[in-house]
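The values are calculated or read from the model by the stated rules, or taken from the named source; none is laboratory data. Please read all numbers here as calculations on a predicted model, not as lab measurements. A quick note on method: Cβ atoms are made from the backbone with ideal geometry, for glycine too, and the neighbour counts reach across all protein chains shown. To get the accessible areas, we keep the full protein, side chains included, count just its heavy atoms, and leave off ligands, DNA and RNA. Shrake-Rupley method; radii C 1.70, N 1.55, O 1.52, S 1.80 Å.
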Amino acid sequence: DVKMVQILSNQLSIGWWNARRFTETHEKSMSDPLTGLYNYRYFETVIERCCRRADYVQESVTLLLIDLDFFKQINDSYGHVAGNTVLRAVSQLIKEQVREDDVVCRYGGEEFTVILPSTTLEIGLQIAERLRNAVECTPFLIPSMGHKAMLPVHLTVSIGASSYPGSADSALNLVRNADRAMYVGSKQRGRNRVGVYESL
């Protein structure tokens with residue numbers, strides 16, 4: 001009996017360890033290693049799911065697409081270590097400015113997305129403006145090359161906003177519209193502003 005318990009105990013331990021490793025591997029495949037945010041792969045899955053849920057409960061979902069203005073200048077002036085420090089800090093700031101159920105993802109490079117479930121475009125724009133203002137008002141500390149002191153740098157962001165089903169008929173078009181709002185409604189109009197697809 002003791003030997004049987006030992007065998008079962010060993011099998012349970014192996015099973016628990018394998019389940020834990022599977023969970024950790026799955027979580028890593030959905031997260032960005034630099035920022036700790038969800039990655040683009042996860043974003044693609046969730047945006048589709050949020051749009052389907054919006055249809056089911058007859059609510060809106062709003063998408064914000066965020067791009068750091070002139071981020072290349074930070075890498076060129078201070079190096080990629082400083083650039084990575086900024087990306088991590090901005091990621092944390094975005095998470096602090098949104099609600100618990102909102103989904104923050106690193107879209108790629110210096111671009112981020114925020115999926116706002118059960119949120120109208122009007123509320124989404126309030127959140128976007130709060131994000132824009134928070135980034136503009138926050139000095140981000142970066143390591144200076146060859147010195148121990150940390151240097152403060154100031155950033156701005158361009159944000160594009162779109163909603164489903166108000167201004168998009170699919171998850172794909174929701175993303176396209178937010179992207180267009182960011183480039184045309186914000187970047188081309190001077191940056192450091194929130195562009196809205198409806199108003200383009």
If a residue must be charged (D, E, K, R) and within 29 Å of Glu48 (Cα to Cα), how many such residues does the stretch 60-93 contain?
3
Residue hits (the stretch 139-163; at pLDDT 90 or above and open to solvent by 20 Å² or more (accessible area, probe 1.4 Å)) are Pro139, Leu141, Pro152, His154, Thr156
Is it the case that some residue within the stretch 184-193 is in a strand (DSSP E or B), more than 18 Å from the chain's Cα centre (by Cα), over 18 Å from Glu122 (Cβ atoms) and not hydrophobic (A, V, I, L, M, F, W, C)?
no
So, Ser163, is that one closer than 21 Å to Thr45 by Cβ, assigned to a strand (DSSP E or B), touching a helix residue (DSSP H, G or I) at 6+ places or on another chain (Cβ under 6 Å) and not β-branched (Val, Ile, Thr) or not?
yes
The lone condition Val153 fails out of (1) touching a residue at least 12 places away in the same chain (Cβ under 8 Å); (2) over 21 Å from Gln92 (Cα atoms) is (2)
Note on the stretch 98-124: residues open to solvent by 40 Å² or more (accessible area, probe 1.4 Å), of a type outside the set (Gly, Ala, Ser) and over 17 Å from Asp69 (Cα atoms) are Arg99, Glu100, Asp101, Thr120, Glu122, Ile123
Being in a strand (DSSP E or B) and more than 11 Å from the chain's Cα centre (by Cα) is the filter here; which residues of the stretch 25-81 pass it?
Val61, Thr62, Leu68
Hey, does the stretch 125-138 have a residue that's touching a strand residue (DSSP E or B) at 6+ places or on another chain (Cβ under 9 Å), open to solvent by less than 20 Å² (accessible area, probe 1.4 Å) and modelled with pLDDT under 95?
no
The condition of being touching a Ser or Thr at 6+ places or on another chain (Cβ under 9 Å) and not β-branched (Val, Ile, Thr) holds, among Leu155, Leu131, Leu172, only for Leu155
Scanning the stretch 171-195 for residues that are closer than 19 Å to Leu116 by Cα and open to solvent by 40 Å² or more (accessible area, probe 1.4 Å) gives Leu172, Asn173, Arg176, Asp179, Arg180, Arg193
